[in-house]
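Quick notes on the structure that follows.
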Amino acid sequence: MASFKLKLFGLLYFVQGIPYGLQSNLLPIYLRTIGLSFTKISLTKLLYFPWLLKILWAPFVDQYGTKQKWLLSSMFGLFLCCLVMSRLHPKTDFSAMSFVL
């Protein structure tokens, strides 16, 4: 049982880093290949803001609801964001894309 929990912990830790890795490494490259300006690409650095505020909202997460509820709701939110983002094109829908992200 301890081995299963350790594997689950490792998997969740890996999954937690996927959005960060995508926005910091893949997103700027993708946006540049479709021809967006460096100014617009630099605005994607605002996506780091939730990670900076993590220390402020973490106690709220611990106090209200269960960890399972927060995990499932955040994964569902990530799914919805990915679904909406798949329908948008960054060159024509940049403001909508920025709002979703």
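The values are calculated or read from the model by the stated rules, or taken from the named source; none is laboratory data. No experiment lies behind these values; they were computed from the predicted model shown. Neighbour counts are summed over all protein chains in view; Cβ atoms, including those assigned to glycine, are modelled from backbone coordinates with ideal geometry. Accessible surface is based on the protein model in full, side chains and every heavy atom, while ligands, DNA and RNA are left aside. Shrake-Rupley method; radii C 1.70, N 1.55, O 1.52, S 1.80 Å.
The value given for the chain is a Kirkwood hydrodynamic radius of 15.6 Å, derived from the mean inverse Cα-Cα separation.
Under a cut-off of 17 Å between alpha-carbon atoms, report the lysines in cross-link reach of residue 54, not counting same-chain residues fewer than 8 places apart. Here the lysines satisfying the reach criterion relative to residue 54 are 45, 67.
Sorting 70, 57 by accessible area (1.4 Å probe), largest first, what list results?
Numbers: 70 80, 57 120 Å².
The ordering from most to least exposed comes out as 57, 70.
For the chain, hydrophobic long helices are taken as DSSP H runs at least 18 Å long by C-alpha position along their axis with mean Kyte-Doolittle hydropathy of 0.5 or more; these are 2-21, 67-85. Counting only Cβ charges, +1 for Lys and Arg and -1 for Asp and Glu, the dipole size of the chain around its Cα centre is about 120 debye.
Under the shape rule built on the C-alpha gyration tensor, where the axes satisfy a ≥ b ≥ c, segment 14-56 is oblate, since a/c reaches at least 1.5 while a/b does not exceed b/c.
Summarise the accessible area of the chain (1.4 Å probe, protein heavy atoms) by the percent that is carbon and sulfur. It is 74 percent, rounded to a whole number. Considering only 30, 56, 82, and ranking their Cα positions along the charge dipole of segment 16-101 that arises from unit charges at the beta-carbon of Lys, Arg, Asp and Glu, the one farthest toward the positive end is 30.
Given a 1.4 Å probe and the protein chains as shown, residue 62 ends up with an accessible area of around 110 Å².
In this view, the solvent-accessible surface of residue 44, computed with a 1.4 Å probe and all protein chains in place, comes to about 10 Å². Note on residue 13: accessible area is roughly 150 Å² with a 1.4 Å probe, heavy atoms of protein only. For the chain, the solvent-accessible area of protein heavy atoms averages 81 Å² per residue (probe radius 1.4 Å; ligands and nucleic acids excluded).
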